[in-house]
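Engineer: Here it is, the structure in full.
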Amino acid sequence: MNQQDILNQIVAEFHKDPGNQIIIGMTELTEFASEEIGKEVTPEDLCEALQAHHNEQAGEEHLNIVDAASALCNQVADRCWGECLDEDYDEWDEVDISIDWEDVDLNTSDNLYATIRPC
C-alpha cells in the first residue's frame, strides 16, 4: 500500500468513530516509513530506532526511521483534528500531538503501535 492509501485508510476509520485518540498499527507505521525513506523498514528496525531514540543513543539512520514513522502520525492527526487550508494542494493546519509508542520494550516487535492524541 502506498503512503496516501495508508493515510486515507486510517483517516476513514477515524471518521467512522471519531474520538480523542488514534491508534496506528505496526504494519501501517513500517509501510509508510519504508516509502518515506526509500528502503524497507522492518518492525525490528522501528523498535530498535525507537529504543535508541528513547535512550538518547540514536544515530542518523535511527532518527530517519523515527521521523518517517512520526510523519504518518502527524499527517493523520492533521487530517482528523485539523482544518484543510487548501484542498488543491492537500495542505492542512498542523495539530500539536503527543505520540505514545506502545509495547516498544517487548521482546516481539509485532505488538508495537502508536497512540496519538491532540495536545
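Quick note: the coordinates plus some simple rules give every number you see, no bench work behind them. Source: prediction; values computed, not measured. Counting neighbours? That spans all protein chains shown, and the Cβs are built from the backbone with ideal geometry, glycine included.
Engineer: Within the chain, what's the longest stretch lacking GluC sites (Glu not before Pro) that sit in DSSP loops with no more than 12 other Cβ atoms inside 10 Å?
Structural biologist: Values: sites that count: Glu40, Glu56, Glu83, Glu87, Glu94.
The longest such stretch corresponds to 1-39.
Engineer: Can I ask one more? Which stretch or stretches of the range 18-36 have amide N atoms under 18 Å from the point lying 7 Å from Asp110's Cα along the Cα→Cβ direction?
Structural biologist: Only 25-31 fall inside the zone, counting backbone N under 18 Å.
Engineer: Moving on. Out of every Cα pair in the chain, what percent are spaced more than 16 Å from each other? Mind dumping the intermediate values first?
Structural biologist: Working: 4197 of 7021 pairs.
The answer is 60 percent, as a whole percent.
Engineer: Further, regarding this structure: How far apart, in nm, are two points set 7 Å out from the Cα along the Cα-to-Cβ line at Asp96 and at Ile37?
Structural biologist: Taking the two extended label points, one gets 2.8 nm.
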